[in-house]
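Let me begin by presenting the structure, written as structure tokens, before commenting on it.
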Amino acid sequence: MEEFEKPQVSMEEDTEMEESDAVENPKASQKSSSDSESSDSEEEADQNEQLLALEYELSTNPSNYDAHVQYIKLLRRSAEIEKLREARENMNTLFPLSPEMWMEWAKDEASLSNESNFESVEKLYERGISEYLSIPLWCEYLNYVQEHDPKVRDCLADGISKARNLFERAVTAAALHVSQGSQIWDAYIQYEEAILLTIDQSDIQAKEKQVQRIRSIFHRYLSIPLASLKSTLLAYKAWEVEQGNSLDAEPGDVLGISSHVASGYQKAEEMYNARAHHEEQITRQDISESERFQHYMSYLDFEKSFGDPARVQILYERAITDFPVSNDLWLHYTHYLDKTLKVGNVVKDVYSRATRNCPWVGELWVRYLLCLERGLAFEKEISAAFEKSLKCTFSTLEEYLDLFLTRVDGLRRRISSASGDGVLNYSMIRESFQQAADYLSPHMKNTDGLLHLHAYWARLELKLGNDLIAARGVWESLLKTCGSMLEAWKSYIAMEIELDHINEARAIYKRCYSKRFSGTGSEDICHSWLRFEREFGTLEDLNHAVQKVTPRLEELQLFRLQQESKSFTGAIDQREQTLKNTSRERRKSGSSAIDEQPPAKWQKYTSQNKKLHKKENTQGLNLAEANDGEEKEGKVEKKVNERQMKDTKNTTSRLYKDQCTAFVSNLNITAKDEDLHQFFSDVGGVTAIRILHDKFTGKSRGLAYVDFKDDEHLAAAVAKNKQMFLGKKLSVARSNPKQGKRESLAHTAPGEEASNQSGGHGRSVSKESGEDSKGSRGRKRVENIQLKGKNTFAVPRNVKPLGWTNKPGTREEEDEKPKSNDEFRKMFMKT
């Protein structure tokens, strides 16, 4: 089947056809033209509206990158040349332009300008290649120069020299690009081949020289690991054949070429094979940006391991082109250059680009200033970079502080070494400090950074400015904003002491000892004043300081005791609440444990309850025997308790035997053992003093025991009762531990006596129920139950087993007759 070919129509025939259609159908043509005009007017109105909106946005927020891009696109579409040029310049003052934007700009200017404006377009290309590495932009630049520069186009000597220098620059900047560097080499060879064609055939020497130049470029080309190595080798062999050199080897074989070229080619091929995997990873299109970034970093580590700075730098440039606003990448790049190149225009240029791409990173600006100083840049350039950095917005105030300090450091070093360019003086340092203080003081109150800034400032006022009044003024200005900062006062005092201005330092102590500082700062400044007077002052100065400081320390101690008491009370309340919550949870868990017991335990618990009820309802032989066993056990336990109480009484009597002790109360909490010893010095005979302290806080409870060697001295001490001691009326009495013991026994609860009187019979039920509780609920048995109110029916009767007889003279005779419930009730009601 034959294809249908559409007849070719020329532009003139097409025009004639349109005119004939318009003549034949004038109404239709008028309608179509009116429709197109209306659509164009609507589109133009919409475009103007967008332009006005973007202009307003850029006037209010000039750092909006996307707004700049959209504005330039609309202006380019509307063909407003002057506004477009101005918009591009405004954007480039704030941001670096992408290689695509530079190519568009250069092409637009080239299409409008003539050969006389060639230099303006050339400058645009120069600006573009200085911001990012772009092989297409380099190729466009090279082509533009070859086509539009008259000297280069006519192959004049100056033009050829200019073109070759430009190609060498391109080779240095981009020819090591593994995947795209071959484009630069191919363009270079094509240009030299074009020159070869212009040489007269009769000028054999010039022609041979040009052939050798092209051969040298090929040899350099084949020694670089590029993706097009094999095709380059084929092109080289074909070129050699064109020059009349016969090669015996196969086209893809290195045999037949010179040994040094073959060696370089093989080495380059090995290097490319080692990098092919990394090249494949960074050029993949099916991975995320973060993954591509990680592949770049791995590739960089690989290149750094070979120690070739040129290859590392070209890879950094490729990564920067793909990730222009990655501050980590710029920091790594500049750090590498500082370590390898250290100085030079290359490093300075990279820092300049880094601060343009990531102006919000304070560390880049700091290192940029250091780079300029290492490169011996003029003060005008350094000052311009510093002023530009202050217009940026950093994330932390510490970055601003570091920037100001770096600026001052540079000025100090150059002034001290007299290495400046004749315009440096100390007033510049003072202005930088003042600018830093004005900016940072409202935002960094009571911080170490602000203190460091002012301490540095005051020291330079003394060392470089030789102005003591200015140095004191620096500290006074700091104290206005950071008066509650202890270290500020101490640093001010330290400066005066270092200058041997003792009276001035003492005056500062008098100003600040009564101020309240955080933590223990108030106590520290008081002790520091006393130490200062001991080391530098007279005895009169020391006494005066003690008179001032002592009341202040007492006031601070009392305040801290109150605060600690409040915190301790709060801790106790919290602890009690925790205990209540814990006990409540335990009760809940205990009750749920009964419900969740396995069937075997539940049957055991039920059987025990049945046995208990059976024993309570039946006064038979089994209950009597059980009570008898419990009674015997209770007697043994009672004897053990009595023995323990007897041992305690003996110990107490031995402890207080022949000892005369006074009990002192209403004691001032600040009193110490020495104070009490001084109080009883007129009595004499004091052998020991024991002030009681709280076991939790360790503070005095206002109570004490004072031991005397005999009753005579004790009586004299008691006679001092109600005397004033440290502002309080002291209470002194004879200490009698036995009386205190009897009072504690006299206040024993009736329930306890009743429980003791009930003997072993009261414990039998308690023990049995305790065993049940232990078996079912896991709780401990409670002894010495106190019975209060009218619930006395629960007290067990004094049941005796069969065959039991009273022994005369024993206590059991009193309980020989069992008591009824009414008798028990009356007995307990009397108590």
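The values are calculated or read from the model by the stated rules, or taken from the named source; none is laboratory data. Because the structure is a prediction, the values reported are computed rather than measured. Here the Cβ is made from the backbone with ideal geometry for all residues, glycine too, and neighbour counts use every protein chain on show. Keep in mind that these areas ignore ligands, DNA and RNA; they rest on the heavy atoms of the full protein, side chains included. Shrake-Rupley method; radii C 1.70, N 1.55, O 1.52, S 1.80 Å.
Odds and ends about this structure:
- Across the range 449-529, counting alpha-carbon atoms alone, Rg and Dmax equal 12.3, 37 Å.
- Candidates per trypsin sites (Lys or Arg not before Pro) in the range 398-451, loop by DSSP, up to 14 other Cβ within 10 Å: LYS445
- Across LYS580/LYS695; LYS388/LYS490; LYS348/LYS463, pairs whose alpha-carbon gap is larger than 25 Å: LYS388/LYS490; LYS348/LYS463
- Entries of LYS73/LYS391; LYS515/LYS728; LYS445/LYS548; LYS566/LYS729; LYS380/LYS480 with Cα pairs more than 32 Å apart: LYS380/LYS480
- For the range 45-283, the gyration tensor built on C-alpha atoms gives an oblate shape. Its axis ratio a/c (a ≥ b ≥ c) is at least 1.5, and a/b is not larger than b/c.
- Accessible area (Å², per residue) of the range 288-395, counting only protein heavy atoms and a probe of 1.4 Å: 47
- Taking θ as phi - 60° and the Karplus parameters 6.51, -1.76 and 1.60, the scalar couplings of the range 353-367 work out to 5, 4, 6, 6, 7, 10, x, 8, 9, x, 4, 5, 5, 4, 6 Hz in sequence order, x denoting glycine and proline.
- Residues with amide H under 5 Å from that of LEU692, placed H, sequence gap 5 or more: ARG701, LEU703, ALA704, TYR705
- Accessible-area ranking of PHE663, PHE293, largest first, probe 1.4 Å: PHE663, PHE293
- Cα-only Debye scattering, the range 288-395: base-10 log of I(q)/I(0) at q = 0.13, 0.15, 0.22, 0.24 Å⁻¹: -0.49, -0.64, -1.19, -1.33
- Derived scalar couplings ³J(HN,Hα) [the range 549-564; Karplus, 6.51 cos²θ - 1.76 cosθ + 1.60; whole Hz; x for Gly, Pro]: 7, 4, x, 5, 5, 5, 4, 5, 5, 5, 5, 5, 5, 5, 5, 5
- The residue among ALA206, ALA174, ALA106 whose Cα reaches farthest toward the positive pole of the charge dipole of the range 45-283, with charges on the beta-carbon of Lys, Arg, Asp and Glu, is ALA206.
- Whole-Hz couplings from phi, Karplus 6.51/-1.76/1.60, listed for the range 157-170; x for Gly and Pro: 4, 5, x, 5, 4, 5, 5, 5, 4, 5, 5, 5, 5, 5
- Counting charges near LEU331 (Lys, Arg +1; Asp, Glu -1) among other residues having Cβ under 14 Å from its Cβ returns a value of -1.
- The dipole here belongs to the range 318-411: it is taken about the Cα centre, uses +1 on the Cβ of Lys and Arg and -1 on the Cβ of Asp and Glu, and is about 320 debye.
- The range 483-566 shape via C-alpha gyration tensor axes, a/c threshold 1.5: oblate
- Note on exposure: LEU539, LEU176, LEU315 ranked by accessible area (1.4 Å probe, complete protein assembly) read LEU539, LEU176, LEU315, with the most exposed listed first.
- Take the Cα of GLU291, step 7 Å toward its Cβ, do the same at SER263, and the gap between the two points is 4.3 nm.
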